[in-house]
Amino acid sequence: MKNLKVIAFTHKQIDLKQLGCLVLCNEAVEERLPVVKSKFDIPEIFYLATCNRVEFVFTAEQDIDEKFVRHFLQAMHGEAMKTQHLDMAVQNALVYENEEALNHLMRVASSLESLVVGEKEILAQVRKSYEECRECGFTGDYLRLIMSRVVKTAKEVYTYTNISKNPISVVSLAYRRLKELNVCSKSRILIIGAGETNQNIAKYLKKHTYTNFSVFNRTFSKAQSLAQELGGEAFELAELENFNKGFDVIITCTSRNEPIITPALYGKLLNGDAEPKVIVDLAVPNDVDPQVLKQYKVQYIEVGSLKQIAEKNLQERYHELINGEAIIERNIKEFKPILKQRRVELAMREVPVKIKEIKERALTSVFADEIGALDDNSRLVLEKVMTYMEKKYISVPMVMAKDILVNND
């Protein structure tokens, strides 16, 4: 696991509202990751952000100290990051290197590090984040191997432990809070954002006979898709400003870095209605301006407010944590020789090319006259012998090198 690094910022060290200042929009990821790769000589990297963590997974030869983290964040966020946010992030950064980094990634994907332990959605989020960066060319062969093992391990944890039995997620906790507030099934619900989180909570609502939905999203086709599934109406996000049909509940989760629901917008949405409303805000950073909560009567549900329930969930699943950690430990042990073998394969990938070149030179140059004097049957036998020898000269050194490296490391 040499040179594997993780810089992590999580709900355990940083308040979720502060964590929002570290979140990057998709455009920023595509723009800044190449800059960081070049500046710090990082061969491979991917970025992960969920409702309770922001992480950078990469390969690098240098050790990661506080100075590196500071310069890394400055390069990643540019002038947009305020000094106090930068200082806070540097002081609370978690750094993992080599085997410890692999262990951390496996724990994250297996939900052992989640705000809600046993939340299987995290594995899909990790895979999606990696795939998006892989498609952009930010990762390579090394992280491919790492992520393959991470996914395998997480699936085993979910399969062979009860950690996700009676699954609880941030989304399901939010829905429980809605039910506790006695939100009736005829409530007018505005869904802002059509991403995975809102899709999941919408499924809960539809399952429990809620029917009155208006879906807003920047990409209209995604709003249409979710609205069609819910039997509701779809709108472009810009139309939110002019929406005047009223509402009882707002469910919002976008990737914007600034609040989308300001006091001015909220006032327009109320359209003179003085009744208290419910807002479910699962975005990090929050989509709701704090001033909205001060100026209006709102029952506000957000990720941070679900922590107490999540901590109780952790206590209930403590023994499953131990079983999950045992699976992770076994996978790390199994993975070490596989990674070493891959290093040998990469180091010796020129061997087949060189052997083929030697064979061609022997046939077409060094022994060309002698071979030309042979009859057809003799040349055919010679070619079979040469091909057999070529395959053996390629495979035998690789097998021997793998054995030496694995058994004598």
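The values are calculated or read from the model by the stated rules, or taken from the named source; none is laboratory data. All figures in this text were calculated on a predicted structure; none of them were measured in a lab. Please note: Cβ atoms are built from the backbone with ideal geometry, for glycine as well, and neighbour counts cover all protein chains shown.
Tabulated results
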{"item": "Qualifying residue in segment 100-111 (condition: under 17 Å from the mean Cα position of the chain (by Cα), basic (Lys, Arg), more than 25 Å from residue 256 (Cα to Cα) and surrounded by fewer than 23 Cβ atoms within 10 Å (Cβ to Cβ))", "result": "yes"}
{"item": "Test: residue in segment 236-250 that is closer than 22 Å to residue 206 by Cβ, free of Cβ contacts under 8 Å to residues at least 12 places away in the same chain, in the same structural domain as residue 179 (by TED's automatic domain parsing) and not in a loop (DSSP other than H, G, I, E, B)", "result": "no"}
{"item": "Near pairs, Cβ below 9 angstrom, 6+ apart or cross-chain, from segment 377-388 (in the same structural domain as residue 361 (by TED's automatic domain parsing) and on the phi < 0 side of the Ramachandran plot) to any residue that is loosely packed, with under 11 Cβ neighbours inside 10 Å and in a helix (DSSP H, G or I)", "result": "379/372"}
{"item": "Among residues of segment 236-265, those that are surrounded by fewer than 21 Cβ atoms within 10 Å (Cβ to Cβ), modelled with pLDDT of 90 or more and hydroxyl-bearing (Ser, Thr, Tyr), counted", "result": "1"}
{"item": "Residues located in segment 253-287, provided they are under 20 Å from residue 306 (Cβ atoms), of a type outside the set (Ser, Thr, Tyr) and in contact (Cβ under 8 Å) with a residue 40 or more places away in the chain", "result": "253, 261, 278, 280, 282, 283, 284, 285, 286, 287"}
{"item": "Test for residue 116: is it under 18 Å from the mean Cα position of the chain (by Cα), β-branched (Val, Ile, Thr), outside any helix (DSSP H, G or I) and at pLDDT 95 or above", "result": "no"}
{"item": "Members of segment 322-373 that are within 30 Å of residue 162 (Cα to Cα), aliphatic (A, V, I, L, M) and modelled with pLDDT of 85 or more", "result": "322, 326, 327, 328, 332"}
{"item": "Residue match in segment 44-54 (condition: closer than 18 Å to residue 97 by Cα and either hydroxyl-bearing (Ser, Thr, Tyr) or not in a strand (DSSP E or B) (or both))", "result": "yes"}
{"item": "Inter-residue pairs, beta-carbon under 7 Å, first more than 16 Å from residue 52 (Cβ to Cβ) and in segment 87-100, second surrounded by fewer than 14 Cβ atoms within 10 Å (Cβ to Cβ) and not polar (S, T, N, Q), 6+ apart", "result": "90/66; 98/2"}
{"item": "Enumeration of residues in segment 148-205 that are part of a helix (DSSP H, G or I), free of Cβ contacts under 8 Å to residues at least 40 places away in the same chain, in contact with a helix residue (DSSP H, G or I) (Cβ under 7 Å, 6 or more places away or on another chain) and not polar (S, T, N, Q)", "result": "175, 204"}
{"item": "Residue list for segment 6-28, filter: modelled with pLDDT under 90 and either aliphatic (A, V, I, L, M) or within 13 Å of residue 89 (Cβ to Cβ) (or both)", "result": "13, 14, 15, 16, 18, 19, 20, 21, 22, 23, 24, 28"}
{"item": "Filter result for residue 23 (in contact with an Asp or Glu (Cβ under 7 Å, 6 or more places away or on another chain) and farther than 26 Å from residue 337 by Cβ)", "result": "no"}
{"item": "Selected residue [β-branched (Val, Ile, Thr) and surrounded by fewer than 15 Cβ atoms within 10 Å (Cβ to Cβ)] from 219, 197", "result": "219"}
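One line per residue, one yes/no per condition, for (1) β-branched (Val, Ile, Thr); (2) touching a helix residue (DSSP H, G or I) at 6+ places or on another chain (Cβ under 8 Å); (3) at pLDDT below 95:
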| position | (1), (2), (3) |
| --- | --- |
| 44 | no, yes, no |
| 50 | yes, yes, yes |
| 78 | no, yes, yes |
| 84 | no, no, yes |
| 92 | no, no, yes |
| 98 | no, no, yes |
| 106 | no, yes, no |
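Quick grid of which residues meet (1) of a type in the set (Ser, Thr, Tyr); (2) on the phi > 0 side of the Ramachandran plot; (3) surrounded by 19 or more Cβ atoms within 10 Å (Cβ to Cβ):
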{"site": "38", "(1), (2), (3)": "yes, no, no"}
{"site": "44", "(1), (2), (3)": "no, no, yes"}
{"site": "56", "(1), (2), (3)": "no, no, yes"}
{"site": "67", "(1), (2), (3)": "no, no, no"}
{"site": "80", "(1), (2), (3)": "no, no, no"}
{"site": "92", "(1), (2), (3)": "no, no, no"}
{"site": "95", "(1), (2), (3)": "no, no, no"}
{"site": "122", "(1), (2), (3)": "no, no, yes"}
{"site": "126", "(1), (2), (3)": "no, no, yes"}
